[in-house]
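**Student:** Structure incoming, see below.
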Amino acid sequence: MSFEEIAKELNLSVTRVHQIYTEALRKLKSPKNKDKWMAIFETIDLIKKEKAKKENLIKGEKI
């Protein structure tokens, strides 16, 4: 979605949408969030591994 589409949907100015976007990125990049991001990435990695295991089991059962 473009900033224009978001602005129209939320009844905000394009400038305000861009301000919110910029502030959100600044907060996400904050060093104090590093541990939170690491936990998120570890969880995603575990989910991917479990999904791969399930897919391998399903393929193994069909053969």
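**Student:** Only Lys, Arg, Asp and Glu count, each charged at its Cβ (+1, +1, -1, -1), so figure out the dipole size of the chain about its Cα centre, rounded to 20 debye.
**Tutor:** Numbers: 15 positive and 10 negative charges, 59 e Å.
Computed charge dipole of the chain: roughly 280 debye.
**Student:** Let me ask you something else. Under the rule of -39500 (n - 2.57) per DSSP H run of 4 or more residues, summed and divided by the residues of the chain, what mean residue ellipticity at 222 nm is obtained, to the nearest 500 deg cm²/dmol? Please list the in-between numbers first.
**Tutor:** Numbers: 3 runs with 53 residues, N = 63.
After summing the helix terms and dividing by the residues of the chain, the value is -28500 deg cm²/dmol.
**Student:** I've got another one for you. Given 20 °C and 1.002 mPa s, how large is the Stokes-Einstein diffusion coefficient of the chain in µm²/s, with Rh as the Kirkwood radius over Cα pairs? Don't jump to the answer; show the numbers that get you there.
**Tutor:** Values: Rh = 15.2 Å.
For the chosen part, D equals 141 µm²/s.
**Student:** Right, next: Within the chain, which DSSP H helices have Cα atoms that stretch 30 Å or more along the helix axis and a mean Kyte-Doolittle hydropathy of at least -1.0? Walk me through the intermediate numbers first.
**Tutor:** Values: long enough: 34-62 (42 Å, -0.96).
Qualifying helices: 34-62.
Any read-out appearing in this document is the output of simple, stated calculations on the displayed coordinates, not a laboratory observation. These figures come from a predicted structure and were not determined experimentally. Because the Cβ atoms are built from the backbone with ideal geometry, glycine has one as well, and the counts that use them run over all protein chains shown.
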